[in-house]
Amino acid sequence: MVLPSAASAPVTWPEGNTALIARRPVAEWAGVEALKLKHEGLNPTGSFKDRGMTVGVTQAVRIGATAVACASTGNTGASLAAYAALAGLPALVLVPAGKVAIGKLTQSLAYGARTLLVRGDFDDCLRLVREASEELGVYLLNSVNPFRIEGQKTIVLEMLEQLGWDAPDWIALPAGNLGNTAAFGKALREALALGLITRMPRLLAVQSDGAAPFAMSYREGFRVRHRVHANTIATAINIGAPASYQRAVQSIRETNGVVTAVSDAEIMEAKSVIDAAGVGCEPASAASVAGVRQHVRAGTIARDARVVCVLTGHVLKDPESLDRYHRGTEPPPARANRPIEIEPTVSAVAAVMRTLRAD
Ligand code: AN7
């Protein structure tokens, strides 16, 4: 009823059925007791992209596509590479050279996609893949493809089901190219229309200060569609000209939503709290929790509100984001951990143990 039907067998890993969890240290840090985390990093390729890719690649097979392509900051490419391999279709993945986390690049290569390191940023990659796919007849699987959005709706529908169809007050998510913001709004609109829920949760879309064109537009009542030169540590959302802008504006309007931006330092602080709780996520994902904390402090989100933060990617996706702490070139956020090099002696281990606290 809420998804397009597959004519033949769907191309599926399978994906979804991710955990909705509560973790006290994260809730305390954010300032909301009833905070839950929907961990989309638990999908087969480690991000929420698999939910859209199963539908998108199934559609590619249905129409007889001979090759598939996408531009990506890393996760879309990793997911496309896996699902194309599953379907036996050649895949082209265009990523910005030098700006993709190593885990994601490794996946795209390992799953066998032709991976092109484009000398430019994500926005250049997207423009290029749109032109190339039109000229060369390759099936485009960025989230401008509506089938991707249909699949990503299941994040929200599954979350609502896990909550017994008792909708939360807020759903927070990181926002880059805005496909997910578009999908969440559509899912909520349909859930309300179908009577699955009786009231509309509010969306909180969170960007990084270094890549916040959507937050800028929001502050101006969406009168201007901004483009910026993006620069954030959260490479997944390092996007300056989001493609799904229009549909995302509709999502924010229809849910009485809020768009905000947080600093890279706040993102890494949130990540350190999520990581230290034994959950873990990639930097972009932590933006959702950082955004909630910001809006609890501002009074927009009540401390007794029921909030779900979507963690979009797995902790192993982007290990190098912690490099500068591990190498000691920068002080880590309060809860981030740093390796300690020692001589192979028991006394060296004992010296470290004396610094451990019982908590
Ligand atoms: C972990 O892979 O755009 O706002 O090319 O990987 O729907 O773009 C990734 C986006 C959030 C933002 N969190 O979602 C790509 C890509 C993670 C992500 C986002 C992405 P959208």
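Derivation of every value follows stated rules applied to the coordinates shown; laboratory data play no part. Just so we're clear, the structure is a prediction, and the values are computed from it rather than from any experiment. Ideal geometry is used to build each Cβ from the backbone, glycine not excepted, and the neighbour counts take in all protein chains shown.
Here Arg189 and Leu20 are evaluated by their C-beta separation; at R0 = 22 Å the FRET efficiency comes out at 0.55. In percent, rounded to a whole number, the relative contact order of the range 248-359 is 23, using alpha-carbon pairs under 8 Å and six or more apart. Packing here is the average count of other Cβ atoms within 10 Å per residue, and on that basis the peptides 71-79, 318-326, highest first, run 71-79, 318-326. Here's the picture: charge each Lys and Arg Cβ at +1 and each Asp and Glu Cβ at -1 in the chain, and of Pro14, Ala81, Ile197 the one pushed furthest to the positive end of that dipole is Ile197. Here the range 25-180 is treated with +1 on each Lys and Arg Cβ and -1 on each Asp and Glu Cβ, and its dipole about the Cα centre works out to around 520 debye. Separation of the range 217-280 from the range 3-79 is 18 Å, based on Cα centroids. Rounded, prolate or oblate: pick one for the range 180-317, where a ≥ b ≥ c are the square roots of the eigenvalues of its C-alpha gyration tensor, a/c under 1.5 means rounded, and failing that, prolate if a/b is larger than b/c, else oblate. Oblate.
Annotation: for a label point projected 7 angstrom from Cα along Cα→Cβ of Thr300, residues of the range 155-179 with backbone N closer than 16 Å are 169-176. Given in Å, the Rg to one decimal and the Dmax to the nearest whole number for the Cα atoms of the range 15-142 are 16.6, 52. Here the range 126-167 and the range 295-329 have alpha carbon centers that stand 23 Å from each other. Potential lengthening of the chain between Ala348 and Asp124 amounts to 75.6 nm, from the contour at 0.36 nm per residue minus the alpha-carbon distance. Need one word for the range 301-344: rounded, prolate or oblate. Basis is the Cα gyration tensor (sqrt eigenvalues a ≥ b ≥ c); a/c below 1.5 gives rounded, then a/b vs b/c decides. Prolate shape, in that a/c is at least 1.5 and a/b is the bigger ratio. What number, in percent, do you get for the relative contact order of the chain if the mean sequence gap of Cα pairs under 8 Å and at least 6 apart is divided by its residue count? About 20 percent, as a whole number. Across the chain, Cα-Cα pairs farther apart than 35 Å form 21% of the total. When the inverse distances between all different Cα atoms of the range 23-84 are averaged and flipped, the Kirkwood radius reads 13.6 angstrom.
Summary value for the range 1-79: 31 percent relative contact order, contacts being C-alpha pairs under 8 angstrom separated by 6+ residues.
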